[in-house]
Structure formats: structure tokens, C-alpha cells
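Only the coordinates and a few stated rules stand behind these numbers; no lab work does. No experiment lies behind these values; they were computed from the predicted model shown. A quick note on method: Cβ atoms are made from the backbone with ideal geometry, for glycine too, and the neighbour counts reach across all protein chains shown.
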Amino acid sequence: MSRFANPPMHAGAQPPVRSDTRKNQRKSKNFSASVLSGLALATILATPVFAAAAPSAPSGADTGSDTSAGTSTSTNAQDLITKGRYVAAAADCAACHTVPGSASFAGGYAFQLPIGTLYSSNITPDKTNGIGNWTEAQFVRAIREGVRPDGAALYPAMPFPSYARMTDEDLHALYAYFMHGVQPVAQAVRPNGIPWPLSMRFPLTVWRWVFAPSPDAARKSAERSFPTPELARGAYLVEGPGHCGACHTKRGLAMQETALTAQDGPQYLAGGAAVDGWTPPSLRGDPRTGLGAWSVADLTAFLRTGRNMRGSAFGNMDTAVHHGTQYLTDDDLTAMARYLKALPAANGAEQNWQTDPAATRALRAGGKLTKGQRLYLDNCAACHRSTGAGYAPAFPPLAGNPVVMNAAPDSLIHIVLTGATLHGTQAAPSAFTMPGFGKRLSDAQVAAVVTFIRHAWGNDASAVSDVDVAHLRKRLTPSTMQSAPPTPIDPAPAQPGSAPRAPEQDVSQDTSKPATGPVPTGHLPPEDALHSAPQPAMKAN
């Protein structure tokens, strides 16, 4: 998941490192079952619902005829818009407010919820269909508190509990960008397909009072003490605009995030519930199912390009990299990586992954193979090899992959059924598409090959049944398979001094080698000699 140099930071003011901090106090109350069913299920994750209006003129600006003053004012305004574009990338605004093939930020992305369908709003500065009439105060309140200008509550699909932590400077720049750096689009968004009484918004106000932090409490939490400014910056980006916890943290009975920051305990970023058939894995230090085996260099490469020697982004994480993290500076990506690496494992009893060559020997020997082994040889081995090591970073390893070993097999089943595209980025322009096998493999066959992958090479994860596959297959619809377009949406310009450089190397881990480590050869034939002729099943776009 998905997801360098020493340039200046442009996504807002550096959160100060303070010692006089206290934990964010969040309330905990019980709702009646009727209220819970109405509003809890409406909070399936998404990304932002923004707003905008014209920024104030820079203080002290001379509106007279002085050419140099006018140029300076114009430059300052453009710098603010540029900064706002960077903040929008850090907050991943485009992913949820742009439909593939449509105008940027014009809305219409469908979120399939148990209570109906929610469509993202038009956040262009169009005055009729968008947010062109919003003031800056209304804009800030919507982002930090989830309240529309008319006083109605926004669905918590917009992650305002995370955005509440954003600085005034970042929000001011974001406001300027959406009002003056985004083209207005006169496109009406479809009405939400949520039937009455579940469509009533007043329960969402109660939800916000109970589960969302106040802006003051959120900012105090963001300004808490950290060992270094770099960790403070990383925490701000991950916990705030990046809203990583919206997907990677478990939800409670009312679908609230059980932890909003690392202060709130080990549930934060310990893995979330399935979204559109993808199960977000742990971003903590768990050695098998989290990022314990990943280095800082691995993480920065993943966030910049969507790929590294240990895995590739797919599904919603590919979208997050494509629209968001690829545009962040190397310093910001490294800060995020160091913060994530500072999070201890959620499951202290989880053992390190150790390679087991038994599956490789069976595949190479041929003879009497199990159904899963045969299906793997026929459909997967050309790209992912008999060792499960893949050809990273193009074709990711399956051996020792946290997604493969996740307790929930949804993501692996999903990608076998429908395939996935790893879109190109600025630093890694090649795109790779894994074909889907759902049309030619039965539920039983998919279950057999997925079970083999989860058992092989030391992965030792639980088996998958044909019932599991059938259940997920029924849930996959065109709207749940929306993906990022093949080209970036309104990319943020390169920041001064942000030319990519080789990521910092972690001497404790050599990421130039496959994540599976050396595979004992003994009397085995050369690596994948049985599969050297066929071309990889994946294709470059």
C-alpha cells in the first residue's frame, strides 16, 4: 500500500513540537439501535468534500498603479494557489470527487452503502452546481466540522474527523486553490439514492457530537510533542490531510473510527474493514500482516510510485498514490514513512515471516499436483514465479506479502476475479495491468488458487472457500470497481528543489533483492526454468 530529497515543505506550516500537550478527549456514548442503523452505515470511507471561495487580498497590498506592487500581489496570489494545489494532493481530494472520463472535481463518484448510494459532490467553483458561493469560513467549517453552509451535516464519508487537524494556513491555501485554481464545471450531481428515513441528516449531527473531535481538540492533538520535527510533520500528514485512518483503522458499532491518532491506542492504522471489496491492511509494525518488514526506503518508494520490491498498489490505494502522494515532496514522503515505521505492531505475538521452499519444489517437480498448484502454474507463475517472488517492482511478490497473509482474503479474491491496473506516476510512468480471471475460473477454482497462494512459501494464511468467492463476486458491481483515470488529475507542479533522488537506503534491509529472500536451490532446476518461455500474463499500458 500503498503508499527522497531535502526540498522545502509546501503543504502548510510545520506543526510545532510542543511538550504542553494533552490527549484528544473524545466522548463515548451509546445510541439507540434505530439511530445507529441510520447513520452508522452511512459513514463508509471516502475522501474529501471540499468547498471554496475567494481568498482575501494579501494584507498591505497596494491597489494603486505601482507595477512592482501589482506584480508582487499577483505572485503572492499564485503562490497561494500553488500551495493549495499541493495541499489538495496531500488530502487526496481528486480521488473521490472525480469520475473517470469526467471533468476534474465535478463529483458524481458513487459510494455503495448498505443504506443506499451516496454520490460525491461537485467541488468546482461553479456557483450553481458547485461551491462557488461558499465563503472561506463556510469552507473551513465544512472541512473541519462536516457542516454545510445551510447548517446540515455532511455524511462522514468526507473524513472531517481527520481534516479537523489541518492548519489554518493549509485550509486558506486550499480555499484559494479551489476558488481560483480549479475550472468551474456546470454539472449537477445525481441525488443520493438513500431512502427516507435513512436520508434524514439530523442523526449525523449527533454522530458528529459524539465521535468527531472539535477543531480545537484536534489541533492541540496535532501539536503534541514529538522527538523530532520530521516525526511531527509525518504525523500531521498521516493523521490529518492524508486521513490514512479512514481506511486503515477499524470501525466501531456506529461506524466511527475506533482511533483517530496514534495517541488513541494500537487500533490506529491496524487494518480496516473492506471497502469496495478491498481490505486495507495494517500500516503498523506487524511483521507479517503490517509494515514491519518494510524499510523507510520501501515506504517512500511506494508512496511516490505505487510500487517497490515488496508490493504494488491496487484498488483504492493505487488511486491514492495516483492522485495524491506521488505529488508530495521527498521530505514529506520520508516524514510519513518514518512516522509509520515508528508505530509498533498491533499484534505483539505475530511471528516474522520465514520462507518455506516446499511449494516451489512441488511446482518445479511437476507430477501429481493439487488443484490449486495446477491453477497457479497455468495462470500465475509466468509473472509471479514458482518461488512466489514475482518480478518486482513490475510484478509484485506473493511470498511474504502482507496483503496475501491478511486474515481477510477479500483483496486477493477481488484481484483474481477482476484484475487491477497499477497506473503510471511521474517517477514511474509505466503502467501494468493484471487481467481478471473471473470469467474463466469458477468460484471453486478461484478458491483453490487463492488458498494455495495463502498457504505457500511460508505465508500460512487461512484457506478460502467457494462460498467466500461467490459472496464477493456478487458484491462487485461497476460502481464498486471505479478506478483512477490513466492520467493524473490536475497534477500539482513540481515544488522548488524537489527533484527526485535515490531514496535513503536502510542498511538493515536490502530492497534490491526479492522480498522472499534466497530460495534454496539444492538439486532444483534453474529459477523458473519450466516457465521461461511464456510471456507474462500482465501487460504494460
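Which trypsin sites (Lys or Arg not before Pro) in the range 114-153 sit in a loop by DSSP (not H, G, I, E or B) and have at most 14 other Cβ atoms within 10 Å of their own Cβ?
Passing sites in the range 114-153 are K127.
Ranked highest first by average number of other Cβ atoms within 10 Å, how do 182-190, 262-270 line up?
In descending order of packing, they fall as 262-270, 182-190.
Using a 10 Å cut-off on Cβ atoms, rank the peptides 444-453, 84-93 from the highest mean neighbour count down.
84-93, 444-453
How about the range 349-433: which trypsin sites (Lys or Arg not before Pro) there are in a DSSP loop, with at most 12 other Cβ atoms within 10 Å of their Cβ?
Of the trypsin sites (Lys or Arg not before Pro), the ones in loops of the range 349-433 whose Cβ has at most 12 other Cβ atoms within 10 Å are K368.
Taking one equal scatterer on every alpha-carbon of the range 79-200, how large is log10 of I(q)/I(0) by Debye at q = 0.13, 0.17, 0.20 1/Å?
-0.50, -0.88, -1.23
With a point put 7 Å past each Cα toward its Cβ, work out how far D168 is from A77 in nm, to one decimal.
For D168 paired with A77, the spin-label model returns 2.3 nm.
Please give the peptides 353-359, 320-326 ranked by average Cβ packing (other Cβ atoms within 10 Å per residue), highest first, as a rough proxy for protection.
Result, highest mean Cβ count within 10 Å first: 320-326, 353-359.
Please report the equivalent ellipsoid semi-axes of the range 304-356, computed as sqrt(5 x eigenvalue) of the Cα gyration tensor, largest first, in whole Å.
With the √(5λ) rule applied to the range 304-356, the semi-axes are 25, 16, 10 Å.
Quote the FRET efficiency, to the nearest 0.05, computed for A274 versus M200 with a Förster distance R0 of 30 Å and r equal to the Cβ-Cβ distance.
Once the sixth-power term is evaluated, E becomes 0.65.
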